[in-house]
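Asker: I have a structure here, written as structure tokens, and I will follow up with some questions on it.
The values are calculated or read from the model by the stated rules, or taken from the named source; none is laboratory data. Here the structure is a predicted model, which is why all the values come from computation and not from measurement. Here the Cβ positions follow ideal geometry from the backbone for every residue, glycine too, while neighbour counts run over all protein chains shown.
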Amino acid sequence: MPRCAPSRRPPLSRARGFTLIEAAIATMIVGSGIVAVMGAQRAFHLQNEWAAEAATAQQLGAEMRELMLGLPQRDPVTNDDLWGAEPDESGAGDFDDLDDFDGAAFDAADGSGPLNALREPIADMDGWRQRVVVENIDPFELTRTVDDGASDLMRVTVVVERRAAAGEAPRECTRVSWIAPRR
Ligand SMILES: [Ca+2]
Ligand SMILES: [Ca+2]
């Protein structure tokens, strides 16, 4: 009786899963991609935030410049040489010449600012303030500051600052400066 030949089973297919190392490498690659995307999103967000802050700062500087542009160097009522606000002037609503504003700050922290060109505090501007410096300068050397009242040329500088959080020191965001001749 012939012996049956041993049955030959077809070879199993070579299909197999991922090894642990392959899976780990794939995980690392995907993870790196996610980190890169998150990093790009954060950079984009920061860039947007910076652009918005810079635009706001420029606007606040422009508002103050517009507010002060038409003001004379001398007080229109007393016509005196007093540097700073005259005795009966106590705030932005009273200031009527340029040196009244020297050293003034219009700050959201105390409700005095920041101001728009109509001298009104702008709402919802937490952390912002406008600080004004008025100086006399040498007409022959515009970068040189002279004593208050010692020349007919003034330089007005508006520094726009922002506090990132309450209690923190303000950080300068921009400054606007212009020269005002006597008129
Ligand atoms: Ca005045
Ligand atoms: Ca004055």
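Asker: Suppose we keep only residues that are without any contact (Cβ under 8 Å) to a residue 60 or more places away in the chain and within 19 Å of V132 (Cβ to Cβ) within the range 75-90. Which one would you say is farthest from ligand 1 (Cβ to nearest atom)?
Answerer: S90
Asker: Answer yes if at least one residue in the range 43-53 is out of contact with any Cys (no Cβ under 7 Å at 6 or more places or on another chain), surrounded by 12 or more Cβ atoms within 10 Å (Cβ to Cβ) and within 19 Å of V158 (Cβ to Cβ), and no otherwise.
Answerer: No, because not a single residue in the range 43-53 is out of contact with any Cys (no Cβ under 7 Å at 6 or more places or on another chain), surrounded by 12 or more Cβ atoms within 10 Å (Cβ to Cβ) and within 19 Å of V158 (Cβ to Cβ).
Asker: Only one of V132, V159 is touching a residue at least 40 places away in the same chain (Cβ under 8 Å), assigned to a strand (DSSP E or B) and buried (at least 19 other Cβ atoms within 10 Å of the Cβ). Can you tell me which?
Answerer: V132
Asker: Kindly indicate whether L67 is closer than 22 Å to G111 by Cα, within 16 Å of ligand 1 (Cβ to nearest atom) and touching a residue at least 40 places away in the same chain (Cβ under 8 Å).
Answerer: Yes, satisfied.
Asker: Pick out the one residue from G111, G103, G70, G93 that is modelled with pLDDT of 95 or more and away from ligand 2 (no atom under 11 Å from the Cβ).
Answerer: The match here is G103.
Asker: Spot the failing condition for A117; the list is (1) loosely packed, with under 15 Cβ neighbours inside 10 Å; (2) in contact (Cβ under 8 Å) with a residue 12 or more places away in the chain; (3) within 16 Å of ligand 1 (Cβ to nearest atom); (4) not polar (S, T, N, Q), and only one is missed.
Answerer: (3)
Asker: As an exercise: evaluate A85 against (1) touching a strand residue (DSSP E or B) at 6+ places or on another chain (Cβ under 9 Å); (2) assigned to a loop (DSSP other than H, G, I, E, B) and give the number of the one condition it does not meet.
Answerer: Unmet for A85, out of (1) touching a strand residue (DSSP E or B) at 6+ places or on another chain (Cβ under 9 Å); (2) assigned to a loop (DSSP other than H, G, I, E, B): (1).
Asker: Suppose we filter F95, F106 for residues that are outside any loop (DSSP other than H, G, I, E, B) and under 24 Å from I179 (Cβ atoms); which single one remains?
Answerer: That would be F106, the only listed residue that is outside any loop (DSSP other than H, G, I, E, B) and under 24 Å from I179 (Cβ atoms).
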